[in-house]
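J.: There's a structure below that I have some questions on.
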Amino acid sequence: MVKPTKPGEPPLHKVIMVGSGGVGKSALTLQFMYGDFIEEYDPTKADSYRKKVSLDGQESFIDILDTAGQEEYAAIRDNYYRSGEGFLCVFSFRDQICRVLDNDHIPFILVGNKCDLESQRKVSARDAESRAKQWGCPYLEASAKTRVNVDESFLMLMRKIRDKKNEAGKESEGTEKAASGKCCVLL
Ligand code: GDP
Ligand code: MG
């Protein structure tokens with residue numbers, strides 16, 4: 001498990017990978033982390049990762065929690081979801097997240113993975129886009145295999161988390177919440 005950053009270190013944004021088994025959550029995470037496509041990854045393994053990235057020129061950390069089905073147990077799922085500041089939903093966990101967090105304004109993006117398998121597509125881009133519109137979140141088509149939109153997905157989500165923290169900081173300047181950099185909806 002990753003350790004928290006010390007004061008004075010770059011900001012840290014916590015992302016949770018959600019979505020059904022087999023959609024490519026681990027493959028996207030590992031491609032983003034190590035620049036490699038891992039074809040076979042233990043489908044039962046949940047793990048967390050930390051990486052330093054340049055976010056619009058500012059050094060920042062990203063923590064990624066790659067979930068793996070254990071979220072079927074309510075207690076584990078709630079814990080996962082409370083610890084996240086943003087969600088990268090690789091088709092289609094949205095309802096449960098809303099129920100747990102009861103908040104529509106949590107940073108969230110919808111990612112249609114495996115876009116290299118266009119010929120086997122079941123969900124049309126139009127359907128995915130209209131779902132994303134309904135949820136008020138961006139939609140990206142990505143491939144963990146060919147690295148299309150992998151960095152873009154994670155960076156887009158980090159930006160949303162950062163902007164939300166900045167907004168929360170402005171609203172409650174000087175308070176402990178703002179100083180801790182935490183996303184207040186999760187407290
Ligand atoms: P998870 O259960 O959501 O973590 O899914 P995995 O990351 O373990 O991926 C499930 C399967 O889909 C594996 O066999 C991967 O090799 C494959 N896979 C994941 N991402 C892609 C992709 O972008 N393109 C293709 N062609 N296969 C992928
Ligand atoms: Mg996995």
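The values are calculated or read from the model by the stated rules, or taken from the named source; none is laboratory data. For clarity, every value in this text was computed on a predicted model and none was experimentally measured. When we count neighbours, we look across all protein chains shown, and the Cβ atoms used for this are built from the backbone with ideal geometry, even at glycine. For accessibility, only protein heavy atoms count, side chains too; no ligands or nucleic acids. Shrake-Rupley method; radii C 1.70, N 1.55, O 1.52, S 1.80 Å.
J.: Going by the conditions given, is Asn113 at pLDDT 90 or above and within 28 Å of Lys165 (Cα to Cα)?
T.: Numbers: at pLDDT 90 or above: yes; within 28 Å of Lys165 (Cα to Cα): yes.
Yes: the conditions hold for Asn113.
J.: Residues that are within 20 Å of Cys137 (Cβ to Cβ) and near ligand 1 (Cβ under 8 Å from one of its atoms): does segment 11-18 have at least one?
T.: yes
J.: Something else about it: Give me a count of the residues in segment 53-86 that are assigned to a loop (DSSP other than H, G, I, E, B) and either of a type outside the set (D, E, K, R) or open to solvent by less than 20 Å² (accessible area, probe 1.4 Å) (or both).
T.: So the count comes out to 7.
J.: I want to confirm something. Restricting to segment 119-177 and keeping residues that are modelled with pLDDT under 95 and among the β-branched types (Val, Ile, Thr), which single residue is farthest from ligand 1 (Cβ to nearest atom)?
T.: Thr175
J.: On to the next question. Which pairs have Cβ atoms under 6 Å, sit 6 or more apart or on different chains, and link a residue in segment 113-133 that is under 14 Å from Ala144 (Cα atoms) to one that is exposed (fewer than 15 other Cβ atoms within 10 Å of the Cβ)?
T.: Close Cβ pairs satisfying both conditions: Asp116/Thr146.
J.: Would you point out the residue of segment 114-132, among those that are within 18 Å of Leu88 (Cβ to Cβ) and basic (Lys, Arg), that is least open to solvent (accessible area, probe 1.4 Å)?
T.: Only one residue tops the list, namely Lys114.
J.: Taking segment 1-52 as the search range and keeping residues that are open to solvent by less than 20 Å² (accessible area, probe 1.4 Å) and more than 19 Å from Tyr81 (Cβ to Cβ), which one is modelled with the lowest pLDDT?
T.: Gly24
J.: Return the residue satisfying two criteria in turn: it lies in segment 4-43 and is among the hydrophobic types (A, V, I, L, M, F, W, C) and more than 16 Å from the chain's Cα centre (by Cα), and of such residues it is farthest from ligand 2 (Cβ to nearest atom).
T.: Phe37
J.: What number of residues in segment 142-165 are touching a Gly at 6+ places or on another chain (Cβ under 9 Å), farther than 16 Å from Asp63 by Cβ and open to solvent by 50 Å² or more (accessible area, probe 1.4 Å)?
T.: Residues flagged as touching a Gly at 6+ places or on another chain (Cβ under 9 Å), farther than 16 Å from Asp63 by Cβ and open to solvent by 50 Å² or more (accessible area, probe 1.4 Å) within segment 142-165 amount to 2.
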